[in-house]
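Report on the structure given below.
The values are calculated or read from the model by the stated rules, or taken from the named source; none is laboratory data. Being a predicted model, the structure only gives us computed values, none of them experimental. All Cβ positions, glycine included, derive from the backbone under ideal geometry; neighbour counts span all protein chains shown. In case anyone asks, the SASA skips ligands and DNA or RNA and just uses the protein heavy atoms, side chains included. Shrake-Rupley method; radii C 1.70, N 1.55, O 1.52, S 1.80 Å.
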Amino acid sequence: MSQKNQTLGEFIIENQSSFKYTSGELSRLINSIRLAAKVVNHEVNKAGLVDIIGAAGDTNIQGEDQQKLDVYANNKFIQTMTNRNIVCGIASEEEDDFISINSQDENNQNKYIVLIDPLDGSSNIDVNVSVGTIFSIYRRVTPVGTPVTIEDFLQKGSQQVAAGYVVYGTSTMLVYTTGDGVNGFTLNPAIGTFYLSHPNMEFPEDGTIYSVNEGNYIHFPQGIKNYIKYCQMEEGDRPYTSRYIGSLVSDFHRNVIKGGIYMYPKSSKNPTGKLRLLYECNPMALLAEQANGKASDGFTRILDIEPTELHQRVPFLCGSKNMVEKAESFMRDA
Ligand code: P6P
């Protein structure tokens, strides 16, 4: 049984046996993510002081300006997982294609692949607003000892063996699940140790916070417009409070603690939504469901969506179960 103030290392060891694929590899993988998170946190925390903020002068496959910290975080997570010789493949928002990690070596018995958004919300970096890292872990589906293929990465979200995020905020937290609930660990920067601060995190079934970029309102589907108007109506505990940070990890983290719904719908500007299925929506959807919440594209459970390409985007509704279901009802009735 987990107890508060347990360190992340102690928690991983104590709970390793409860993980059905227990072999120690996943524990080592979570530990490598822990290390990379501490290193990236150090850079994020001093971003204003050194010449590491601002555009890196390049753009990623999304056509978005790569911030230097994006590039740094991407390289650090890839390097840490590669050095530890734990995974056979990595896909990243910052990489056009997936990366094989020695998977062509027939002696390579590593069976995990990782998909990652190394620094989500990076447009907030220069204005000192929270950003985050999102990760998603699968077992490969192609035989070990053969090169990983796109098939290993295009798995449904329901096949994830673990998922989590790091939020670099007023404190730095690592929140993750291996399919047995969601636990949050807060970094004590003085000693570089994560401590269990939020055991068994769960969305309240209901909430009073809705998170959406209302600047896109006129471009939203009618069902979303109708739900937003419902949120703003004076009745019962409504109008709700609108809170939108512009950083998925931060909005999700506040909503899982206080109750709420996050929405990034499709729009005439983003016909299939903005968020990426594989390394944003799937991991956050697994966390949401493990935390008694819900995640859909407005009609279909996110974890059931069959991926078709590495960087595909989907509309995304995620949060307190009753709020997501209410929004879905407006989508159905529109
Ligand atoms: P907009 C950050 O770029 C991100 O992927 C999410 O973290 C965030 O919620 C969303 O996009 C913000 O997008 O269009 O509202 O600025």
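What to note about this one:
- Cα-based shape type of the chain, given that a ≥ b ≥ c are square roots of the gyration tensor eigenvalues and the cut on a/c is 1.5: rounded
- Solvent-accessible area of MET233 with every protein chain in place, 1.4 Å probe, in Å² to the nearest 10: 90 Å²
- Angle in degrees between helix 248-258 and the longest Cα principal axis of the chain, rounded to the nearest 10: 70 degrees
- Tilt relative to the chain, helix 321-333 - C-alpha long axis, 0 to 90 degrees, to 10: 60 degrees
- Three semi-axes of the equivalent ellipsoid, segment 218-267, Cα gyration tensor, whole Å, largest first: 19, 17, 7
- Ranking of TYR195, TYR227 by solvent-accessible surface, largest first: TYR195, TYR227 (1.4 Å probe, protein heavy atoms only, all chains present).
- Surface share of carbon and sulfur [accessible, 1.4 angstrom probe, percent] for the chain: 47 percent
- Within the assembled protein chains, the solvent-accessible surface assigned to GLU106 is about 140 Å², based on a 1.4 Å probe.
- Computed from Cα atoms, the angle from the helix 222-232 axis to the main principal axis of the chain rounds to 80 degrees.
- The label-point distance for THR308 and ILE257, in a model that sets each label 7 Å from Cα toward Cβ, rounds to 3.9 nm.
- For the set ARG301, ARG34, solvent exposure ranked by accessible area (probe 1.4 Å, protein chains only) runs largest to smallest as ARG301, ARG34.
- Choice from TYR230, TYR138, TYR279 with maximal GNM fluctuation in the chain (Cα, 10 Å cutoff): TYR230
- Placing pseudo-labels 7 Å out from each Cα toward the beta carbon at GLN109 and ILE191 gives an inter-label distance of 3.5 nm.
- Heavy atoms of ILE257 accessible to a 1.4 Å probe, total area in Å² rounded to 10: 80 Å²
- Solvent exposure ordering (accessible area, 1.4 Å, most first) of ARG84, ARG332, ARG243: ARG332, ARG243, ARG84
- A 1.4 Å probe run over the protein chains yields, for segment 209-333, 38 Å² of accessible area per residue, whole-number rounding.
- Inter-site label distance for VAL144 and LYS156 at 7 Å from Cα along Cβ, in nm: 2.6 nm
- Springs between Cα atoms under 10 Å define the GNM used for the chain, and in it the highest mean-square fluctuation of ALA73, ALA288, ALA190 occurs at ALA190.
- The chain: most fluctuating residue of HIS219, HIS311, HIS253 per GNM, C-alpha cutoff 10 Å: HIS219
- Rg over Rh [alpha-carbon atoms, Kirkwood Rh] for segment 114-252: 1.04
- Compactness check for segment 209-333: Cα Rg over 2.2 N^0.38 Å is 0.97.
- For segment 8-198, accessible area per residue (1.4 Å probe, heavy atoms of protein chains only), Å²: 40 Å²
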